[in-house]
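To start, the structure itself, in structure tokens.
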Amino acid sequence: MGMRTAIVGASGYAGGELLRLLAGHPTLEISSVVAAGNAGRRLGELHPQLGTLADLPLLAADAPELREAEVVFLAVPHGASAGIVESLSPDALVVDLGADFRLQHPADWSRWYGGEHAGTWPYGLPELSGQRERLVSARRIANPGCYATAVALGLAPLLAAGVVAPLDIVVVAGSGTTGAGRNPTVNLLGSEVMGDLTSYKTGGTHQHLAEIRQTLGAAAGSPVSMSFTPMLVPMPRGILATCTARVIDGVDQAMLRAAFDGYAGEPFVTLLPEGQQPRTAATTGSNSAHLNVVHDADAGRAVVVVAIDNLGKGAAGQAIQNANLALGLDETAGLPVNGVGQ
């Protein structure tokens, strides 16, 4: 029998992706599925794609089965996780896909989310320098945000290597509509999104900015300044982040690529050959990130393009990767490396 695993927030897109991936996991066994607003219904009513799990009952948030879970994934709205954690077994491994425990400074939480800061857990982006060691045997893990994952994978190695400046970073990133969650809103209707491309939360107002600055600042060893423009792209899932930073004098293309040598051997991060550009379709359905870097000599900037699946490496897949590490399992267990493509 596998480890009893609970998913809280199963009605959303990230919750559904967690269930899809866990259905094929060799060790983690789905034991309880919580969707408070849909308690009493069958899982198949909300996620018809999960045929083998269709008859699982959706439980209320106070279901006693949660206390019995050995592994718990929280895929609930920001601000809701802290209250749920109090009711869980202290011995359980908890991976929070929300923002509640990502930020180190209470002032950042107050500014971007409001209310009381719940604390800080180990940050679950294993490919960053030193992070994997912090996750082994951890009992509480903060899963990164989707935009933050893409930007950190692209820029952190360059900042750590000292080949780009930490000031004047510019990021423009497009996300599929699942990144906005499953609650129905007019601007996410198919007739509104298809055939359209729009930016949103511009001018430094996106909540992931604090997390991105925190992560990049740690890599650089100093504060960073950046402009971040997110865009809503007419596709269901995926993120393509174009990240640029000023190159330090004397740095060339070879030195920029060499900064990513630390990704050699990483199962889920691929530096593509020169001239090959990342594509969201290549990472769809996977836990992989594809990236490439180019030296724009005329502008004096490094241009890094990163593609991930916002529900995979940007959410559910990364959460399972973190759980695998914390439990001493094969880091790739239950996780696809290859994307679906087109």
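Out of these labelled values of Cα Rg over 2.2 N^0.38 Å, (1) 1.01; (2) 0.96; (3) 1.10, which was calculated from the coordinates shown here?
Read-out from the structure maps to (2).
Tell me the relative contact order for the chain as a rounded percent, counting alpha carbon contacts under 8 Å between residues six or more apart.
Relative contact order for the chain comes out at 17 percent.
With θ taken as phi - 60° and the coefficients 6.51, -1.76 and 1.60, list the Karplus ³J(HN,Hα) couplings across the range 81-95 in order, rounded to whole Hz; mark glycine and proline as x.
Per residue, the Karplus-derived 3J(HN,Hα) values read 5, 4, x, 6, 4, 4, 8, 8, 4, x, 8, 6, 7, 10, 10 Hz.
Which residue, ILE248, SER81, ILE30, has the largest displacement toward the positive end of the dipole of the chain when charges sit on each Cβ (Lys, Arg +1; Asp, Glu -1)?
Towards the positive end, the residue furthest out is SER81.
Sorted from fewest to most neighbouring beta carbons within 10 Å, what does the list VAL94, VAL172, VAL251 look like?
Going from sparsest to densest Cβ surroundings: VAL172, VAL251, VAL94.
Before anything else, pin down the relative contact order of the range 147-310: Cα pairs under 8 Å, at least 6 apart, normalised by residue count, whole percent. Can you show the working numbers first?
Working: 347 pairs, mean separation 51.5, N = 164.
In percent, rounded to a whole number, it is 31.
Please identify the DSSP H helices in the chain that span no less than 20 Å along the helix axis (Cα) and have a mean Kyte-Doolittle hydropathy of -0.5 or more. Intermediate values should be presented prior to the final figure.
On the way: long enough: 146-161 (24 Å, 1.79).
Those that pass (Cα extent of 20 Å or more, hydropathy at least -0.5) are 146-161.
How would you classify the range 297-342 from its alpha-carbon gyration tensor, with a ≥ b ≥ c the square roots of the eigenvalues: rounded for a/c under 1.5, else prolate if a/b is greater than b/c, otherwise oblate?
prolate
With n ≥ 4 as the cut-off for DSSP H runs, can you work out [θ] at 222 nm for the chain, using -39500 (n - 2.57) per run divided by the number of residues, rounded to the nearest 500?
Result for the chain, helices only: -6500 deg cm²/dmol.
For the chain, give the magnitude of the charge dipole about the Cα centre (Cβ charges: +1 Lys/Arg, -1 Asp/Glu; no others), in debye to the nearest 20.
It comes to approximately 280 debye.
Based on the alpha-carbon gyration tensor of the range 89-245 and its eigenvalue square roots a ≥ b ≥ c, which shape applies: rounded if a/c is under 1.5, prolate if not and a/b is larger than b/c, or oblate?
Note, shape of the range 89-245 comes out oblate.
Nearest 20 debye, what's the magnitude of the dipole of the range 207-335 about its Cα centre given +1 on Lys and Arg Cβ and -1 on Asp and Glu Cβ?
Charge dipole of the range 207-335: 340 debye, to the nearest 20.
For a quick check: sort PHE73, PHE101 by the number of other beta carbons within 10 angstrom, fewest at the front.
Least crowded to most crowded, the residues run PHE101, PHE73.
Got a sec? How would THR283, THR178 order by Cβ neighbour count within 10 Å, fewest to most?
If I rank by nearby Cβ atoms, fewest first, I get THR178, THR283.
Can you give the local net charge around ALA92? Use residues other than it whose beta-carbon is closer than 11 angstrom to its beta-carbon, Lys and Arg +1, Asp and Glu -1.
Computed value for this residue: +1.
The numbers here are math on the coordinates, done by the rules we state, and not lab data. Please read these numbers as outputs of a predicted model, since none were measured by experiment. FYI the Cβ positions are ideal-geometry reconstructions off the backbone, even for glycines, and counts take in every protein chain you see.
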